[in-house]
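Here's the structure, in structure tokens; my notes come after.
The values are calculated or read from the model by the stated rules, or taken from the named source; none is laboratory data. Keep in mind that what you see is a predicted model, and the values were worked out from it rather than measured. Here the Cβ is made from the backbone with ideal geometry for all residues, glycine too, and neighbour counts use every protein chain on show.
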Amino acid sequence: MKTLIFDIETVGEEWESLDETSHEVLTRWIDKTAKNDEERQAQIDDLKNGLGFSPLTGRIVAIGLYDLERAKGVVFYDPAGETHADTEHEGYLLKPRTEKEMLHDFWEGAKTYDTFVTFNGRAFDAPFLALRSAILGIRPTKDLLEGRYLYQQRSCRHIDLADQLSFYGAMYRKSSLHMFCRAFGIASPKAEGVSGDDVALLFKEKKTLDIARYNVRDVIATTELYKKWREHLSFGR
């Protein structure tokens, strides 16, 4: 078994760069539901800040990868138009790439793995990767969305820890990577004061190495959580 643990970071387009029809489509529900101008503006601000959550209005600026059996990690990251050399952080190689280059490298590397591990990857990372790849003319080499349940997966296994640790939604409340890390005594990726909400601003300020380093912490936390799940809750799956 060859296991690849991965996580992505994304940013949204600038609101002003979208055409008027897109503005109307994205705000139509706000115009129907907002009770007043203040609430409408607050919802529009949330919408603008959330454009990076959709592959139709956002793009990938970092992909963190960890080969579990070889104990080697790499982060591909977008240097925002600046020239960066390869560097290292906490044992991970940080390699500048355009989005298209990092997606190409991700899918080429994915060919050699049969098990993939994420946190919330079925709801976010995997569909985002697939759609951004298609938009950029790259064909995915693995179907990371083949069957939600592990017994349904044939071509490869995608172990989404958000599914496994919530027992496919049986838990009363859905929890975050931070809260699971806290419970299991694992260092949270947010411990150094950076979270996923900061990625867009960091990218705008061209602090792209900070994004890559945060991505490293995300992958490390996911790796440690996977080890806990595999040891105590996998039941041989």
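Considering the range 145-237, the qualifying helices (runs of 4 or more DSSP H), each wholly inside and each with 1 or more residues that are over 23 Å from Arg70 (Cβ atoms), in contact (Cβ under 8 Å) with a residue 12 or more places away in the chain and touching a Leu at 6+ places or on another chain (Cβ under 8 Å), run over 161-165, 177-184, 208-232.
When restricted to residues that are hydrophobic (A, V, I, L, M, F, W, C) and either more than 17 Å from the chain's Cα centre (by Cα) or part of a loop (DSSP other than H, G, I, E, B) (or both), the range 106-133 contains 1.
Specify which of the listed residues (Arg173, Arg132, Arg139) is basic (Lys, Arg) and surrounded by 14 or more Cβ atoms within 10 Å (Cβ to Cβ). The conditions single out Arg132.
The number of residues in the range 59-95 that are at pLDDT 95 or above, β-branched (Val, Ile, Thr) and farther than 23 Å from Ala126 by Cα comes to 1.
Counting only residues that are farther than 17 Å from Phe203 by Cα and surrounded by 14 or more Cβ atoms within 10 Å (Cβ to Cβ), which one in the range 57-69 is nearest to the chain's Cα centre (by Cα)? So, considering only residues that are farther than 17 Å from Phe203 by Cα and surrounded by 14 or more Cβ atoms within 10 Å (Cβ to Cβ), the one nearest to the chain's Cα centre (by Cα) is Leu65. Residues that are free of Cβ contacts under 8 Å to residues at least 40 places away in the same chain and either surrounded by 19 or more Cβ atoms within 10 Å (Cβ to Cβ) or not aliphatic (A, V, I, L, M) (or both) are absent from the range 115-123.
Against the numbered list (1) out of contact with any strand residue (DSSP E or B) (no Cβ under 8 Å at 6 or more places or on another chain); (2) farther than 18 Å from Arg122 by Cα; (3) of a type outside the set (Asp, Glu); (4) at pLDDT 95 or above, Leu56 comes up short only at (2).
Could you please let me know if Leu103 is of a type outside the set (Ser, Thr, Tyr), within 14 Å of Asn215 (Cβ to Cβ) and outside any loop (DSSP other than H, G, I, E, B)? Criteria not met by Leu103.
For the range 39-56, residues that are basic (Lys, Arg) and exposed (fewer than 15 other Cβ atoms within 10 Å of the Cβ) total 0. Looking only at residues that are within 17 Å of the chain's Cα centre (by Cα) and of a type in the set (Val, Ile, Thr) in the range 70-98, which one is surrounded by the fewest Cβ atoms within 10 Å (Cβ to Cβ)? In this case the residue turns out to be Thr98.
Screening the range 1-90 for strands (runs of 3 or more DSSP E) wholly inside it with 2 or more residues that are of a type in the set (Gly, Ala, Ser) and in contact (Cβ under 8 Å) with a residue 60 or more places away in the chain returns the ranges 58-67.
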